[in-house]
Structures are given as structure tokens and as C-alpha cells.
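The values are calculated or read from the model by the stated rules, or taken from the named source; none is laboratory data. The structure presented is a predicted model; accordingly, all values stated were derived computationally and were not measured. Here the Cβ is made from the backbone with ideal geometry for all residues, glycine too, and neighbour counts use every protein chain on show. With ligands, DNA and RNA removed, areas are computed over all heavy atoms of the protein, side chains included. Shrake-Rupley method; radii C 1.70, N 1.55, O 1.52, S 1.80 Å.
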Amino acid sequence: MENILVRNITLPAAVKSTIEQKIQAEQEAQKMQFVLQKEKQEADRKRIEAQGIADYQHIISESLTDRQLQYEQIKAYKEMALSQNTKIIVMGKGSSPVILDAKQ
């Protein structure tokens, strides 16, 4: 009895259908686990990115001075003035100067 080979077993349609449904359900469960794992990794990535941005903003806010802002503003004005496509006039000494574009 131990050495008997069983071949060509035909299962009833109901049993075959049940087995296929079980296999399909297991595959769907595995797919959902994969999707959940992927979403958790994406959430971790976004959390790390947000922490990096927050750290950057904290460092900048501690080291940024009015003189540094003024220097950056001057550099931006210089870049605009050197551009071939821009003709501007900057007026005012306050924190928000008036910029007139000659093209308009």
C-alpha cells in the first residue's frame, strides 16, 4: 500500500472550486500585506523627510540674521540686474522695496 502511485484524480467541481477560492483568498491576503508594508515604508520615508525639513528650518532660523537677509537680498537684486531678460528699478529702503519692471 505504501508504494502505490495515484494518478489522474478528478475532484468534484465543488471541491475544486473551493480549493481555487482558498488559493485566491490567500493570494489576496498576501497582496494586502505587501501593500500595507509598502505604505508603512512610504509613511516612514515621509516622516524622515519631514524631520529633515524641520531640522533644516530650525538650524536656519537660529543662524539667520537681518544682515544675512540683507546680503541675500542684494545678491538677488544683482542677479536680476545682470539678467539679459530683466530691466528693473528697485526703489525703497524698507523691508519690501518697490520693483518696477520696464517691460510693462
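Among residues belonging to segment 56-87 that are hydroxyl-bearing (S, T, Y) and surrounded by 10 or more Cβ atoms within 10 Å (Cβ to Cβ), point out the one that is modelled with the highest pLDDT.
Y56
From the list V98, V90, which one is β-branched (V, I, T), modelled with pLDDT under 80 and surrounded by 10 or more Cβ atoms within 10 Å (Cβ to Cβ)?
Exactly one residue qualifies, and that residue is V90.
Could you say whether any residue in segment 32-44 is modelled with pLDDT of 80 or more, of a type in the set (D, E) and open to solvent by 100 Å² or more (accessible area, probe 1.4 Å)?
Yes, segment 32-44 contains at least one residue that is modelled with pLDDT of 80 or more, of a type in the set (D, E) and open to solvent by 100 Å² or more (accessible area, probe 1.4 Å).
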